[in-house]
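The values are calculated or read from the model by the stated rules, or taken from the named source; none is laboratory data. Keep in mind it's a predicted model, so treat the numbers as computed, not measured. Neighbour counts are summed over all protein chains in view; Cβ atoms, including those assigned to glycine, are modelled from backbone coordinates with ideal geometry.
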Amino acid sequence: MSLFCITWNRHCHHHGVVWHYCLDSTHFRRRFTLAFLPQTKSIGVSILKGESVQYVKLLIFSLAVGIIFQQLAIPHGLLLGTLLGAAISVRFIPNAKTSKKDSVFLQLVLGFSAGFQLVEYSLAQFLNLLPSLLVLLACLIVQVGVGYWWLRKHEKWSKLDSILAAYPGAMAAVLDVIDKNNASASVIFVHLFRLVLLTVFASFFIPDGYDSLEKEPLHYSFESISTFVLLAVISMVLGRWLEKWNVPAPYLLTTMFSCLIFSPVLPIENLLVPSWLMDAAIVVLGLLIGSRFGGITGSDALKYTRAGCICFVLVLAITAFFTSFSVSIFDAPITSVALAYAPGALESVVVVALANGFDVMFIILHHVIRLSVLQLAPAVYVLLKKLNS
């Protein structure tokens, strides 16, 4: 965030007193210096880009590490590399931090990505999968409950940190809730640990020699660009309104619902989020997560790693139990159900499904519903709390 200064030059005999009124996000300060100035009065406005320069340094270094990881074919290389680069940068670059605009951008892109996928499914397809989706919701409840119980009772975490860390996914909503409630960095660490383990675990199921499918180039027409812009404006206006109610991830919610509501009147079914825009969102997500590790010590990392590992094992065991239960009732292959119930790492799960010829649409729909429920749950909780008060 730029630092704005209003400079007022006032002559005093043959010298001038220069007053700088500087306003940033943390404090309001005044400083003055003596300088030789002409005997005139002038008012100037200057922008000190100290914090912007620090942000650019943070972005360049983090992005460079992410690109290196990606070129080395590391799973989730862009995300993990950017995250690692940001975590290192905040220790050496003073005042390096992200801004609220980064979170808004991330929520809009993720909202479009999920919203466009939901529009593709018909009501009949959704109803056919409804029994399996209900089992998935039960699996989510047990996952969150067991994770919360372990962190609260055995790790002695606070209630807020325990419930946020137990969330299997929905990182954008978790980040937004953390910002609003000043939750500790341990929550982010547990989510990161889960993401890394899931990614590594999924990579073992990718056949040797498999290369990701080439994506068809997107053709941008005036109609598609106009639809994007219109939905973005509507989502931002409604998101500002939800933000006043302290709803978590408001822009993500409004973007998803805007896609669903306006799909009958707008050509949304043919829209896709460009790959470069998703890459930009991944970089921003890495910055938002990695920049929070500046205050974590080595002992804290060891302590959080233990909690993250135990939570991952518990969540994986619960997922295996509900997968076995669904396979015994529904006519679905165990591999597709296991990937559909996987607690996160959607990109890795989709790659595994494509490489092995699994039912990709079945898997994606479960993950979209899971993420939608996880995004809606904290928002509904906050709204009900507001109404009751």
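Any idea which of Ser113, Ser158 is out of contact with any strand residue (DSSP E or B) (no Cβ under 9 Å at 6 or more places or on another chain), at pLDDT 80 or above, within 26 Å of Thr255 (Cβ to Cβ) and among the polar types (S, T, N, Q)? Show your work before the answer.
Working: Ser158 fails: within 26 Å of Thr255 (Cβ to Cβ).
Just one listed residue meets the conditions, Ser113.
What number of residues within region 278-320 are basic (Lys, Arg) and at pLDDT 90 or above?
Taking region 278-320 as the starting set, the residues that turn out to be basic (Lys, Arg) are 292, 303, 306.
Among the residues that remain, those that are also at pLDDT 90 or above are: none.
Selection size over region 278-320: 0.
If I go through region 247-279 residue by residue, how many of them are of a type in the set (Val, Ile, Thr) and over 22 Å from Val380 (Cα atoms)?
Taking region 247-279 first, the residues of a type in the set (Val, Ile, Thr) are 247, 254-255, 261, 265, 268, 273.
Still in the list and also over 22 Å from Val380 (Cα atoms): 265, 268, 273.
Of the residues in region 247-279, 3 are of a type in the set (Val, Ile, Thr) and over 22 Å from Val380 (Cα atoms).
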Exercise for review: Check region 121-131 and report whether any residue there is surrounded by fewer than 20 Cβ atoms within 10 Å (Cβ to Cβ) and at pLDDT 90 or above.
Suggested key: yes
Check your understanding: When you go through (1) surrounded by 20 or more Cβ atoms within 10 Å (Cβ to Cβ); (2) within 23 Å of the chain's Cα centre (by Cα); (3) not small (Gly, Ala, Ser) one by one for Thr305, which number turns out not to apply?
Key -> (1)
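Take Ala165 and tell me if it is touching a Cys at 6+ places or on another chain (Cβ under 8 Å), within 24 Å of Val368 (Cβ to Cβ), assigned by TED's automatic domain parsing to the domain that holds Tyr381 and at pLDDT 70 or above.
Numbers: touching a Cys at 6+ places or on another chain (Cβ under 8 Å): yes; within 24 Å of Val368 (Cβ to Cβ): yes; assigned by TED's automatic domain parsing to the domain that holds Tyr381: yes; at pLDDT 70 or above: yes.
Yes; evaluated as a whole, the condition is true for this residue.
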Exercise for review: Determine if region 89-111 includes at least one residue that is under 20 Å from Ala342 (Cβ atoms) and in the same structural domain as Ile369 (by TED's automatic domain parsing).
Suggested key: yes
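Output the residues belonging to region 197-208 that are in contact with a His (Cβ under 8 Å, 6 or more places away or on another chain) and either modelled with pLDDT of 70 or more or surrounded by fewer than 16 Cβ atoms within 10 Å (Cβ to Cβ) (or both). Outline the logic, then answer.
Looking only at region 197-208, we keep the residues that are in contact with a His (Cβ under 8 Å, 6 or more places away or on another chain), and these are 199.
Hits for region 197-208: nothing passes.
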